[in-house]
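**Q** Here it is, the structure in full.
A short reminder: the numbers here are calculations on the coordinates, not readings from a lab. Just so you know, these numbers come straight off a predicted model, no measurement behind them. So basically every Cβ, Gly included, is an ideal-geometry build from the backbone, and we count neighbours across all protein chains shown.
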Amino acid sequence: MSIKSKKKMRKALTCYLPVIMWILITIFPYYWFINISLTDNSMIMKLPVYYYPHFFTFDNYKKILTAMDFAQNFKNSLIVATMTTLVIIALSIFGGYAMSRYQFKAKSGVMLLLLLTQMFPGIILLIPLFSVFVKLKIYDNLLSLIIVNATTNLPFCMIMCCGFYAGVPITLEEAAQIDGCTTIQALFKIVVPAILPGIVTCGAFAFVNSWNEFVYALNFINTSSKFTIPVALSMMQGEFTVNYGGIAAGTIIALIPVLLIFAYIQKYLVAGMSGAVKG
Amino acid sequence: MKMLARRSAIPYVMLLPTLALIAVFMLYPMLDTVWLSFHEYSIMGGKKAFIGLENFSKLMKDPIFIKAVKHTIPWVLENIIPQLVLGTLIALLLNQNFKGRGLARALAFTPWAVGGMIVALIFRFLFNGSVGVFGDILLKLGITETRVAWFSTATSALGTMIVANTWRGIPFFAISILAALQNIPEEIYESAQVDGAGVVRRFFQITLPMIKDTIVLTTLLRTIWTLNIVDIIYSMTNGGPNNSTITLPVYIMQKFTATLDSGYCSAMAVLLVGALLIFSIIYLNVSKYGKETIY
């Protein structure tokens, strides 16, 4: 064997083979639920197990999309995740700018506070927030979910944003200010466009987390027409005769938005994480 | 770095909405939790009555609480170790140069975006006792003689959740470690190679020390998140069979939704946070986080 083909062999064994194996392991669960979602519902729980949609049908998708509640649940999730994302982006742009560009007394205290909030388990907010939302009369209201998602995701997103701001030279803004821009103008005309990929990553992170959030959505919402998708799917699982075809189809539909977003931001993600971990 | 060091109210104004949100919906509720833990109080009504440490002493006699506490450390270790080891391997793998690397990374990282509830739904079905594909594969390979009823024994039920959680948790480690790997200058490896250091030695003497801080921080964050997991346990085993897979957060939620007993549940929450804080401080000190590099 020539040196070149030996090298190729080695590359295939140490690189391509394990990568492909790992990718297959990773995507197998998705594949399996696509398989189930395209199988006739009455055959799903019967043996033998088919590794492809043997009893092929689109009925599970048709049924779940025409069932009134699921479309509504999808809309609810969309509302909660979008509003949460907008709030977080707006607050992170200003907050991150303040933290990375100004020197002020409370700065290290604020940073410590942001970091500390990451240490607290979300479950402990459940009990007191329950009372708070009842008092504010927004229990069983999507607004309660927007508030709790925005608050719990904000610290991490803001720390991430600080990292992005740090990568933009301050001379850019000084030049703009000399040319007569106000601080706010310089921020939105110069700095924000420069860190746009970072802001998109932050927003995507917030969107995905709110889209997936389950525990608060389960406890703060009581009416089935206001459920978000994870809660709706969980409720389907608890029914007397479990509609696995419907659950699988609903799961695939629920995965589409987050996977699309994820595919889009993937290239920024590694840079974003190194920013967040460095602070 | 140079700062806009003017004395002004601008940074405070910019941070005000954020701090207000955190104060009202995080800090106040946390303090309220501590306060409630010394009271007998149910959301269903009735007056708040100060009872001192009674909630805590009741906890010490609660067999499910004791079980949940005992499960906590093994649960964290059994989840973190496979995620950290595999996550590091995947990061090293995806840090190589090869065709299709972007696509491979995108696919390998997707589980990160999948919600806990959905992970639970999928893996519950993969491990289904009658038509689950994992049981089917084991049967076809002749490893088992009958289909395994995964959720009926404590060990296998725990196993299913660890598999699900590992699948979902690896990308977080892989992404973070990959980010750290990319910051290591190529020249260090080149000169080490010239000096005759092999792959293993290069990993332990260059790579590992360079990514140590990242590993420390990601492990800490992941430990807290793993302790915090409710959705996967809730919908895969709901703590069963016979409370053998229950953890403290799951018990807090179960107890709270069943009884709305705020006082008692708050006492558990306080103990959980206390333990986490102590753990974080010890962990960061023992690991000498950030001692070599200045952030």
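**Q** A 30 angstrom limit on the alpha carbon distance is what I want to check against. Which of A:K46/A:K75; B:K70/B:K140; A:K137/B:K255; A:K107/B:K212 exceed it? If you can, show how the numbers build up before the last one.
**A** Working: A:K46/A:K75 34 Å; B:K70/B:K140 37 Å; A:K137/B:K255 24 Å; A:K107/B:K212 27 Å.
In this structure, A:K46/A:K75; B:K70/B:K140 exceed 30 Å between Cα atoms.
**Q** Rank B:F203, B:T144, B:G100 by how far each Cα sits towards the positive end of the charge dipole of chain B (+1 on Lys, Arg Cβ; -1 on Asp, Glu Cβ) and give me just the farthest.
**A** Farthest towards the positive pole: B:G100.
**Q** Of A:V132, A:L113, A:I64, which is farthest on the positive side of the dipole of the range A:36-138, counting Cα position, with +1 on Lys and Arg Cβ, -1 on Asp and Glu Cβ, and the Cα centre as origin?
**A** A:L113
**Q** How many Cβ atoms of partner chains, on average, are near each residue of A:165-172 if near means within 10 Å of its Cβ?
**A** On the way: counts 0, 1, 0, 0, 2, 4, 1, 0.
Across A:165-172, the average partner-chain Cβ count within 10 Å equals 1.
**Q** Does chain A come out rounded, prolate or oblate, given a ≥ b ≥ c as the square roots of the eigenvalues of its C-alpha gyration tensor, rounded meaning a/c under 1.5 and, failing that, prolate meaning a/b above b/c?
**A** On the way: a/c = 2.46, a/b = 1.27, b/c = 1.93.
Here chain A falls in the oblate category.
**Q** Classify chain B as rounded, prolate or oblate, taking a ≥ b ≥ c as the square roots of the eigenvalues of its Cα gyration tensor: rounded when a/c is under 1.5, otherwise prolate if a/b is larger than b/c and oblate if not.
**A** Values: a/c = 2.16, a/b = 1.18, b/c = 1.84.
The shape class here is oblate.
**Q** For labels at B:A49 and B:L77 in the simple 7 Å Cα→Cβ model, what's the distance in nm?
**A** 4.3 nm
**Q** Moving to a separate point now. Could you size up the charge dipole of chain B around its Cα centre, putting +1 on the beta carbon of Lys and Arg and -1 on that of Asp and Glu, and report it in debye to the nearest 20?
**A** Charge dipole of chain B: 300 debye, to the nearest 20.
**Q** Sum -39500 (n - 2.57) across every DSSP H segment of at least 4 residues in chain A, then divide by the residue count to get the 222 nm mean residue ellipticity, nearest 500.
**A** Numbers: 13 runs with 201 residues, N = 279.
One gets -23500 deg cm²/dmol as the mean residue ellipticity at 222 nm.
**Q** Net charge near B:A174: determine it from the other residues with C-beta under 14 Å of the C-beta of B:A174, scoring Lys and Arg +1 and Asp and Glu -1. Provide the component values of the computation, followed by the final result.
**A** On the way: positive: B:R101, B:R105, B:R168, B:R222; negative: none.
Net local charge, B:A174 excluded: +4.
**Q** May I ask you to sort A:K11, B:K70 by Cβ crowding, counting other Cβ atoms within 10 Å and putting the fewest first?
**A** Numbers: A:K11 14, B:K70 11.
Placing the least packed residue first, the sequence is B:K70, A:K11.
**Q** Something else: In the protein assembly as shown, if the dipole is taken from +1 on Lys/Arg beta carbons and -1 on Asp/Glu beta carbons about the Cα centre, which of B:I81, B:V69, B:T223 is farthest to the positive end?
**A** So the residue we want is B:I81.
**Q** Now for a different question. Under unit Cβ charges (Lys, Arg +1; Asp, Glu -1), what dipole magnitude, rounded to 20 debye, does the range B:47-138 have relative to its Cα centre? Don't jump to the answer; show the numbers that get you there.
**A** On the way: 10 positive and 4 negative charges, 62 e Å.
Dipole of the range B:47-138, to the nearest 20 debye: 300 debye.
**Q** So what's the back-of-envelope 222 nm ellipticity for chain B, counting only DSSP H runs of four-plus at -39500 (n - 2.57) apiece and dividing by all residues, rounded to 500?
**A** On the way: 14 runs with 190 residues, N = 295.
Mean residue ellipticity at 222 nm (helix-derived): -20500 deg cm²/dmol.
**Q** Report Rg (one decimal) and Dmax (nearest whole number) for the protein assembly as shown, counting Cα atoms only, units Å.
**A** 25.0, 85
**Q** Given charges of +1 on the Cβ of Lys and Arg and -1 on the Cβ of Asp and Glu, with all other atoms neutral, how large is the dipole of chain A about its Cα centre, in debye to the nearest 20?
**A** Numbers: 19 positive and 9 negative charges, 214 e Å.
Once rounded to the nearest 20, the dipole reads 1020 debye.
**Q** Now a separate question. How do A:H54, B:H39, B:H71 rank when sorted from fewest to most other Cβ atoms within 10 Å of their own Cβ? Don't jump to the answer; show the numbers that get you there.
**A** Values: A:H54 13, B:H39 19, B:H71 22.
Fewest-to-most Cβ neighbours within 10 Å comes out as A:H54, B:H39, B:H71.
**Q** Which whole-number percent gives the relative contact order of chain A, counting Cα pairs below 8 Å spaced six or more residues apart? The partial results should precede the final answer.
**A** Working: 274 pairs, mean separation 86.1, N = 279.
Value for chain A: 31 percent.
**Q** Here's another thing I want to ask about it. If I require 15 Å or longer along the helix axis, counting alpha carbons, and a Kyte-Doolittle average no lower than -0.5, what helices from chain A are left? Use full DSSP H segments.
**A** On the way: long enough: A:17-37 (30 Å, 1.60); A:68-101 (49 Å, 0.89); A:107-117 (16 Å, 1.75); A:123-135 (19 Å, 2.51); A:142-166 (35 Å, 1.64); A:196-212 (24 Å, 0.98); A:244-278 (44 Å, 1.43).
Qualifying helices: A:17-37, A:68-101, A:107-117, A:123-135, A:142-166, A:196-212, A:244-278.
**Q** So what is the relative contact order of the range B:101-167, in percent, for Cα pairs below 8 Å that sit 6 or more residues apart? List each step's numbers first, then the result.
**A** Numbers: 40 pairs, mean separation 18.6, N = 67.
RCO, the range B:101-167: 28 percent.
**Q** If you average the sequence gap of Cα pairs under 8 Å that are 6 or more apart and divide by the length of the range B:1-122, what percent do you get for the contact order? Intermediate results must be reported in sequence, preceding the final value.
**A** Details: 28 pairs, mean separation 10.8, N = 122.
Result for the range B:1-122 is 9 percent.
**Q** Compute the length gained on full extension between B:W225 and B:R201: take 0.36 nm times their separation in residues and subtract their Cα-Cα distance, giving the result in nm to one decimal. Write out the running numbers ahead of the final one.
**A** Details: separation 24, 0.36 × 24 = 8.64 nm, distance 3.26 nm.
Extra length from B:W225 to B:R201 when fully extended: 5.4 nm.
**Q** If neighbour count is taken as other Cβ atoms inside 10 Å, put B:T247, B:T226 in order from fewest to most. Please list the in-between numbers first.
**A** Details: B:T247 23, B:T226 20.
Arranged by neighbour count, lowest to highest, B:T247, B:T226 become B:T226, B:T247.
**Q** Evaluate peptide B:220-229: per residue, the Cβ atoms of other protein chains within 10 Å of its Cβ; return the mean as an integer.
**A** On the way: counts 2, 5, 0, 0, 5, 3, 0, 2, 6, 4.
Rounded to a whole number, the mean comes out at 3.
**Q** Just counting partner chain Cβ atoms within 10 Å, what average do the residues of peptide B:97-110 show around their Cβ? Walk me through the numbers on the way to the answer.
**A** Working: counts 2, 5, 2, 4, 2, 2, 3, 7, 6, 9, 9, 7, 6, 10.
Whole-number average of other-chain Cβ neighbours for B:97-110 is 5.
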